[in-house]
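All of the numbers you see were taken from the coordinates with simple rules; none came from a lab. Worth saying up front: this structure is predicted, and the values here are computed from it rather than measured. We place every Cβ from the backbone using ideal geometry, glycine too, and count neighbours over all the protein chains shown.
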Amino acid sequence: MNFFLLILFFLNPNHSKSAVIKHDVQSPKLDIFTFKEVCQKLGAKNFEMIEENSPTEIDCMGKSYPVIDFCLHQFLMDKTITRGIIDSKSKTVKCERSTSVMVSLSCDKKDLTYCFDPKKGCNEIRKIYANRLELVHYSMLEKNINCYFARPIGENLNEIR
């Protein structure tokens, strides 16, 4: 009986939460912070009840914060901040940095809005996977939207040489 339920679970089309086909991050660097550090920097006063609301949102004593806000504030001048994610097991927040990110999504019901206008869709996807990187390339292939993001180059003389 359990085997039959397991098969139904995987065959149910409504079960699939994510249509991410590809998420490649070039040379990711992760800076790790405790929940207490994050809530303290975000302005919380009491650190007794801190929990995860979602993989990208932390609850500091009843007030919710997107962890990307912490990462963006923590690294004000860093143009390589891509996203903030919560590690439930270790109760930490990871600020991800990278020089480029490639994301491909399937244009299913959940993510269809990104596919009507690929450039606009990729700019929305950037807010999730590649926050401070720039959209360099976007395309639609079959029923997939593909977005490539990279760090701006040439902002200082050392990068031009």
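See the values below:
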item: Long-range tail of P(r) for segment 20-161 (Cα pairs > 24 Å, %); result: 39
item: Glu134, Glu96 arranged by Cβ crowding within 10 Å, fewest neighbours leading; result: Glu134, Glu96
item: Loop-located chymotrypsin sites (Phe, Trp or Tyr not before Pro) in segment 25-131 whose Cβ has at most 16 other Cβ within 10 Å (DSSP); result: Phe47, Phe75
item: Dipole of segment 29-97, positive end: most advanced residue of Ile81, Thr92, Cys60 [Cβ charges, Cα centre]; result: Ile81
item: Order of Met102, Met61 under a 10 Å beta carbon neighbour criterion, fewest first; result: Met61, Met102
item: Sorted by Cβ density within 10 Å, fewest first, the residues Glu51, Glu37; result: Glu51, Glu37
item: Under 13 Å, Cβ to Cβ, from Lys63 - net charge with Lys/Arg +1 and Asp/Glu -1; result: -3
item: Local electrostatic count, Ile32, Cβ distance below 9 Å [Lys/Arg +1, Asp/Glu -1]; result: -1
item: Between segment 114-143 and segment 38-76, the alpha-carbon center distance in angstrom; result: 27
item: Ellipsoid equivalent to segment 64-120 - semi-axes via the Cα gyration tensor, in Å; result: 26, 16, 11
item: Loop-located trypsin sites (Lys or Arg not before Pro) in segment 32-115 whose Cβ has at most 15 other Cβ within 10 Å (DSSP); result: Lys45, Lys79, Lys89, Lys91, Lys109, Lys110
